[in-house]
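No value in this document is a laboratory result; all are computed from the given coordinates. Values in this document were obtained by computation on a predicted structure and should not be read as measured data. Don't worry about glycine lacking a Cβ; one is built from the backbone with ideal geometry, like all the others, and counts go over all protein chains shown.
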Amino acid sequence: MERVDCVVVGAGVVGLAIARQMARSGKETILLERESSFGTITSARNSEVMHAGIYYPTGSLKTEVCLKGNALLHAYAKSHGVPYNPCGKLIVASDQTQLEDLEKIWDKACANLVPQLSRITKKQANALEPVLRVEEAILSASTGVIDSHSYMLSLLGEFEDAGGMIAYQSSLHKTSPNQEGMNGFILDVLTADGSIFQLETKYLINSAGMSAPKVAQQILGFDEALIPKPYFAKGNYFSLAMKSPFARLIYPIPEPGGLGVHVTMDLGGQAKFGPDVEWLDIEEESQVDYAVDPLRGNKFYAAIRSYWPDLPDGVLSPAYSGIRAKTSKPGEPAADFRIDNAQYHGHTGLINLFAIESPGLTSSLAIAQEVEARLI
């Protein structure tokens, strides 16, 4: 039986950051990934935005790690040569009826101590983005976009350089406490050919994203009352088949379950719109259908024209979709990030991460530090 210090389940961007943190701290670490490559699920299906920490509840873990993670991610991208664009974003009140909502966003951002924020007038906003329909806006200079694949590749390289090992097409089948009375776990790991190999580890970190609740259910003796029920909110994206008129990200007033149909861009300047919010009536991740319904484009045109009235007909094409790993129902406030350690569930050496949706990419390095700090 292979014995290691730490096993991390899930090689998305957060799992990679955690595994890197563990390996660089001197822990012999194995990263388990059920797919044939890293970062192919949620981490490959998002806006790639480096968020500033504006929208989240003051004092929440989500706000804390987003603020810290934003600074860490900017520094990491710059020092490691990861392509990124610190383009900034505008949060837009498109008409007088939205000014009160914009004021609430500003108040929350100030309470969260978000840096590099400013209020700008209609004239100032149109000087930056001439085609924008706007009454007033918030400019966030610390928001940007990053090449998430290059970032994950860099994390993986540093993980492996620190002695870490990644096992692809390997999923956690069952976990039991160490029968020798020592702290730790015995893992049954299922491989692609149906065989099972065993690992013994002192620390087990469940960073399986949407499947984190299901992974937690594989831990023998774990109280299922402490495992949240997963809910799945699909976000659809449409691409723009023309040159983007915007130099920055444009965000409308948020909608329930998401931040509204906003303008983001890749590092080549190609604009995309989304995500919207489509709640799925499913029980687990395996039931997800990632196909984008072209008819949803009708609502996209209406939403986008609220702040870009000159959007031409016929220029939006279905692009891709992603899933938000939620533990809150439709109509409920978004749940805070959860990094559950032994103080919460009583299992020494175990950490479960739940509800790590946006801004998980931005927060990844800060989450990794927090996980290490919570290991018991």
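The residue list GLY235, ILE253, ALA225 was ranked by how far each Cα lies along the charge dipole of the stretch 132-254 toward its positive end, using unit charges on Cβ atoms, and ILE253 comes out on top.
Which is the longest part of the chain that has none of the GluC sites (Glu not before Pro) sitting in a DSSP loop with at most 13 other Cβ atoms within 10 Å?
So the longest stretch without any such site is 1-179.
Three principal axis extents of the chain based on alpha-carbon atoms, in descending order, are 70, 39, 38 Å.
Any idea what log10 I(q)/I(0) is at q = 0.10 Å⁻¹ for the stretch 96-249, Debye with uniform C-alpha scatterers and no solvent? Debye output, listed in q order: -0.71.
Sort 183-196, 50-63, 10-23, 314-327 for me by packing, meaning the mean count of neighbouring Cβ atoms within 10 Å per residue, highest on top.
Those peptides, ordered most packed to least, come out 10-23, 50-63, 314-327, 183-196.
For Cα pairs less than 8 Å apart in space and 6+ apart in sequence, what is the mean separation divided by the residue count of the chain, i.e. the relative contact order in percent? Relative CO of the chain lands at 24 percent. Pairs spanning more than 19 Å between alpha-carbon atoms, out of LYS174/LYS214; LYS234/LYS299; LYS62/LYS202; LYS174/LYS326; LYS78/LYS108: LYS62/LYS202; LYS174/LYS326; LYS78/LYS108. In the chain, taking the dipole from charged Cβ atoms about the Cα centre, the farthest positive-side position among GLY164, GLN287, LEU153 is held by LEU153. On a per residue basis, the convex hull of the C-alpha atoms belonging to the stretch 234-291 measures out at 96 Å³. Of the chymotrypsin sites (Phe, Trp or Tyr not before Pro) in the stretch 237-293, the ones in a loop by DSSP (not H, G, I, E or B) with at most 15 other beta carbons within 10 Å are TYR290. Partner aspartates and glutamates whose Cα lies under 18 Å from the Cα of LYS243, excluding those fewer than 8 positions away in the same chain, are identified as GLU129, ASP266, ASP310, ASP313. Measuring spread by the Cα atoms of the stretch 285-376 yields a radius of gyration and Dmax of 19.2, 58 Å. Binning all Cα-Cα separations of the stretch 1-132 at 5 Å, short to long from zero, yields these whole-percent fractions: 2, 8, 13, 15, 17, 15, 11, 7, 5, 4, 2, 1, 0, 0. Distant-in-sequence amide contacts of TRP308, defined by a placed amide H-H separation under 5 Å and a gap of 5 or more residues or a different chain, comprise ARG133.
Shown here: the stretch 77-161, whose C-alpha atoms stretch 54, 30, 17 Å along the first, second and third principal axes, sorted largest to smallest.
Using the empirical formula 2.2 N^0.38 Å as the baseline, the Cα radius of gyration of the stretch 173-241 reaches a ratio of 1.51.
Net charge in the neighbourhood of ALA271 (other residues with Cβ under 15 Å of its Cβ; Lys, Arg +1, Asp, Glu -1) is +1. Taking the helices alone, the chain has a mean residue ellipticity at 222 nm of -8000 deg cm²/dmol, built from -39,500 (n - 2.57) per DSSP H run of at least 4 residues and averaged over all its residues.
Here the Gaussian network model covers the chain, with springs between Cα atoms less than 10 Å apart; of ASP101, ASP340, ASP147, ASP101 fluctuates the most.
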